[in-house]
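The values are calculated or read from the model by the stated rules, or taken from the named source; none is laboratory data. As the structure is a computational prediction, the values presented were derived from the model and not from experiment. Every residue, glycine as well, gets a Cβ built from its backbone with ideal geometry; the counts of neighbours run over all protein chains shown. Note: areas computed on protein heavy atoms with side chains; ligands, DNA, RNA excluded. Shrake-Rupley method; radii C 1.70, N 1.55, O 1.52, S 1.80 Å.
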Amino acid sequence: MAFLKWVLLIFTLHSFMPTPISSNLSLNKEALAQIPLNFLEFSKKPEIMDWMVNIRRKIHENRELGYEEFETSKLIRAELDLMGIPYKYPIAATGVVGYIGTGKPPFVALRADMDALAMEELVEWEHKSKVPGKMHACGHDAHVAMLLGAAKMLQHNQNDLQGTVVLIFQPAEEGGGGAKIMLDEGALDNVDAIFALHVTARVPIGMVASRPGPISAAMGFFEAVINGKGGHAAIPQHTVDPILAASNVIVSLQHLVSREADPLDSQVVSIAKFQGGGAFNVIPDSVTIGGTFRAFSKESFLQLRQRIEEVISKQASVQRCNATVIFDERFMYPVNSNNKELHEHFRKVAGEILGFENIIEMQPQMGGEDFAFFSESIPGLFFFLGMKETEGAVHSGHSPYFRVNEDVFPYGAALHASLATTYLLQNPTKHTSPPE
């Protein structure tokens, strides 16, 4: 398409004309504002829309768990090959990183997660999961389809891109920390900024939701084994009761938020696992408890982790028991925080596509998101793409009744492509020499 060439022509001509700065800025804004609208028009074409829907349904039928996305990755690579987009594979076992543009700085990344959830789909439809016990109940199949849609548009305009768009197809978002592994293996080397979206049935279609600063909490999981001395329940004086100790531990853990945390600093400690004993008249030797903790700052998160371990160990000792506390490092996610400048860029682009009245500034949520590893490393922007219909039940992510409204695909693809293209135009290279 010629609209990007028109944008670049305006920049070139005005750099040599003695025109006031304000006039340049006005024309530049008009040119930049046209880019998202052209991408949206392109992505709404029936052949593009049908292609994205077909990809999503193929992935939905053959869903794969974290680090097992071999067929999903194969499908992605086949589509990239057809489009003539070079890529690196494998990264983080099944991940794919594609490149569109000059191959030189600046670099901007777009990310889609690929993995499914270990749950049985209860939605009866033509493209229901063919794999028992696995379901795309969080929309990651839609994320892949929309990023491939954006890739098709960007590749169509590759000669006009003023830098390189990096396509991140990431495995294992659902608890596997795939973002961290991709980061460790160099997926974001030389990248200046990264964008990602997530579909949501809580926001109407045609609207988006985000915010500057923290958007989702740091999260961690822990498990504790509390050991005592078992025996007959009728003679408790001959036992050291780990169930009583665990009960006191759970109550004490709740005081970490209610009595130690600043009320204006949101934190959560929840026990979701309690296993101990198997008979009504036998006190067991040990009890296992487990749960999660969340916070919106690194300092609060580390403090909470330290106090959880102290409370469990010391409260168990009060009841004459001993405790072993284990924190699962695979599930330790940092705070997912949006860069303020990127958020303003997102608002401008989304406003041109959807209208500024359809941009919601949301409240932070306590759920975790491993995009946080990316946004902790480089400036990042994470937003939610509304797909709620006016009628019908709303089923949130991780529900066996979760559905994707495929009418949202043109918006997601156009937002991806527009965010990357306009970012490259507005941010000249920061690197002194082109990376290999």
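Can you name the number of the only condition in (1) open to solvent by 10 Å² or more (accessible area, probe 1.4 Å); (2) modelled with pLDDT of 95 or more that VAL208 fails?
All conditions pass for VAL208, except number (1).
So which strands (runs of 3 or more DSSP E) stay within the range 166-224 end to end and still have 1 or more residues that are closer than 25 Å to THR72 by Cα?
193-204
Of all residues in the range 34-73 being part of a helix (DSSP H, G or I), aromatic (Phe, Trp, Tyr) and in contact with a Ser or Thr (Cβ under 9 Å, 6 or more places away or on another chain), which is most open to solvent (accessible area, probe 1.4 Å)?
Of everything passing the filter in the range 34-73, PHE70 is most open to solvent (accessible area, probe 1.4 Å).
Spot the failing condition for GLU352; the list is (1) in a loop (DSSP other than H, G, I, E, B); (2) touching a helix residue (DSSP H, G or I) at 6+ places or on another chain (Cβ under 7 Å); (3) open to solvent by 30 Å² or more (accessible area, probe 1.4 Å), and only one is missed.
Only one criterion in (1) in a loop (DSSP other than H, G, I, E, B); (2) touching a helix residue (DSSP H, G or I) at 6+ places or on another chain (Cβ under 7 Å); (3) open to solvent by 30 Å² or more (accessible area, probe 1.4 Å) is unmet by GLU352, namely (1).
Sort out which residues of the range 335-345 are within 20 Å of SER297 (Cβ to Cβ), open to solvent by 20 Å² or more (accessible area, probe 1.4 Å) and not small (Gly, Ala, Ser), and write them in order of number.
Matches in the range 335-345: VAL335, ASN339, LYS340.
Just give me the residues in the range 370-384 being in a helix (DSSP H, G or I) and of a type in the set (Phe, Trp, Tyr), in sequence order.
Residues satisfying the conditions are PHE373, PHE374.
Within the range 74-93, identify whether any single residue is at positive phi, at pLDDT 95 or above and either outside the structural domain of GLU61 (by the TED database) or open to solvent by less than 10 Å² (accessible area, probe 1.4 Å) (or both), and answer yes or no.
yes
Only one residue in GLU309, GLU329 is of a type outside the set (Lys, Arg) and closer than 23 Å to GLY176 by Cβ. Which one?
GLU329
Report whether or not LYS152 is over 23 Å from THR429 (Cα atoms), open to solvent by 30 Å² or more (accessible area, probe 1.4 Å) and at pLDDT 95 or above.
Yes; evaluated as a whole, the condition is true for this residue.
Would you point out which residue out of GLU126, GLU79 is part of a loop (DSSP other than H, G, I, E, B) and either in contact (Cβ under 8 Å) with a residue 40 or more places away in the chain or more than 21 Å from PHE195 (Cα to Cα) (or both)?
GLU126
Are there any pairs with C-beta distances below 6 angstrom linking a residue in the range 57-73 that is under 11 Å from LYS128 (Cβ atoms) to a residue that is modelled with pLDDT of 95 or more and assigned to a helix (DSSP H, G or I), with the two at least 6 apart or on different chains, and if so which?
Taking only residues 6 or more apart or on different chains, the pairs are HIS60/ASP141.
For the range 264-306, give me each residue that is basic (Lys, Arg) and over 30 Å from PRO236 (Cβ atoms).
Answer for the range 264-306, where residues must be basic (Lys, Arg) and over 30 Å from PRO236 (Cβ atoms): ARG294, LYS298, ARG305.
Just one of (1) within 19 Å of the chain's Cα centre (by Cα); (2) part of a loop (DSSP other than H, G, I, E, B); (3) of a type in the set (Ser, Thr, Tyr) trips up SER337, so point out which.
(2)
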